[in-house]
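**Q** Got a structure for you, written out below as structure tokens; questions coming shortly.
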């Protein structure tokens, strides 16, 4: 485990003793001190934990680098369907932390972190667009990449690559109408 | 004109003159107006992908689309009469393309440049249009991925052959679905097929 992020894990476990963070390396590396640490947070406790990670002096994660989602459908040994992944960076301390928040069908909902990091606005819209995960408390949760009227969430693993006929269903301009 | 006068006065001469006159007018139209029009096409470059790079190369000095009088590319549809769709078109982009086409003044022609614009190409996915001819009328398809500038120039010459024949008619009068691929003669296919 990275030495730099060790105080963060200790601060988290003392502040939230009821949560099983299960800290572990995101990827295993040869040099243990290069490994970046990932923690799990349940969706209902996410706003409190994120607020703590941003505000506490031992953590002070000022920046949300990225917000993405993973679909674990048919993944070996996967217990949950979706994971919303947050990449955090502390500019003052120089350490990083990854936070995973697991949610499931049929109603995947995660609290929005736009109140903590305003930069989460568009990434959350993208995850909503492509995976169909609703971010409760988001100020403007609309589709961002696909067009209005598109029904599906195309980055889900059970969505066919060629779509379900959406690309054919469109208005035609003919020479008579032009 | 009464029946008696038509019997006494032969109308053959008038009709002959009228036929000759319309023939001359047709000649002037075909070889005058259309000649001027085909050598002064104004393309609207709708470049969304790598075909746009080849389109730029066609416009540059080495291949020089100005040799065919089509160097005046304008970025507003109201000043153009040749729509060159160069690259794949996402479904979200389709209303934009259709609005550009509708805003162009008649007469107007459309070149579908490259595999993606003509058929979707390798992008056989949910968000990409599988051929813009599903949604807008297309005059000439230019094959290639991307087409070389010579191929695009051949497509432009196919447009010029169409203009020579019926340039002053609007595209509504010409009917829909002129399916001409580069390499085939514009004469043989012109006006005979009416594919929706």
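The values are calculated or read from the model by the stated rules, or taken from the named source; none is laboratory data. Bear in mind that the values here come from a model prediction, so they are computed numbers and not experimental data. Every residue, glycine among them, receives a Cβ derived from its backbone with ideal geometry; neighbour counts consider all protein chains shown.
**Q** Within 14 Å of chain A (Cβ to nearest Cβ) and assigned to a loop (DSSP other than H, G, I, E, B): is that true of residue B:96 in this structure?
**A** Taking the combined requirement at face value, the residue does not satisfy it.
**Q** Taking the condition of being touching a helix residue (DSSP H, G or I) at 6+ places or on another chain (Cβ under 7 Å) and in a helix (DSSP H, G or I), how many residues in the stretch A:13-48 meet it?
**A** 1
**Q** Check the stretch B:156-163 and report whether any residue there is surrounded by fewer than 18 Cβ atoms within 10 Å (Cβ to Cβ) and at pLDDT 90 or above.
**A** Yes, the stretch B:156-163 contains a residue that is surrounded by fewer than 18 Cβ atoms within 10 Å (Cβ to Cβ) and at pLDDT 90 or above.
**Q** Can you name the number of the only condition in (1) at the interface with chain A (Cβ under 10 Å from one of its Cβ atoms); (2) in a helix (DSSP H, G or I); (3) farther than 15 Å from residue A:170 by Cβ that residue B:101 fails?
**A** Residue B:101 satisfies all of (1) at the interface with chain A (Cβ under 10 Å from one of its Cβ atoms); (2) in a helix (DSSP H, G or I); (3) farther than 15 Å from residue A:170 by Cβ except (3).
**Q** With the condition kept exactly as written, say whether any residue in the stretch B:29-42 is touching a residue at least 12 places away in the same chain (Cβ under 8 Å), buried (at least 18 other Cβ atoms within 10 Å of the Cβ), within 14 Å of chain A (Cβ to nearest Cβ) and outside any helix (DSSP H, G or I).
**A** No, the conditions are met nowhere in the stretch B:29-42.
**Q** Here is a further query. Return the residues of the stretch B:68-93 that are crowded, with 21+ Cβ neighbours inside 10 Å, within 12 Å of chain A (Cβ to nearest Cβ) and not in a loop (DSSP other than H, G, I, E, B); say none if nothing qualifies.
**A** Listed by number, the residues that qualify are B:83, B:91.
**Q** Mind checking which pairs have a first residue in the stretch B:98-119 that is at positive phi and a second that is part of a loop (DSSP other than H, G, I, E, B) and at pLDDT 90 or above, Cβ under 7 Å, 6 or more apart or different chains?
**A** If the second residue must be part of a loop (DSSP other than H, G, I, E, B) and at pLDDT 90 or above, the pairs left are B:114/B:87; B:114/B:144; B:114/B:145; B:114/B:146; B:114/B:147.
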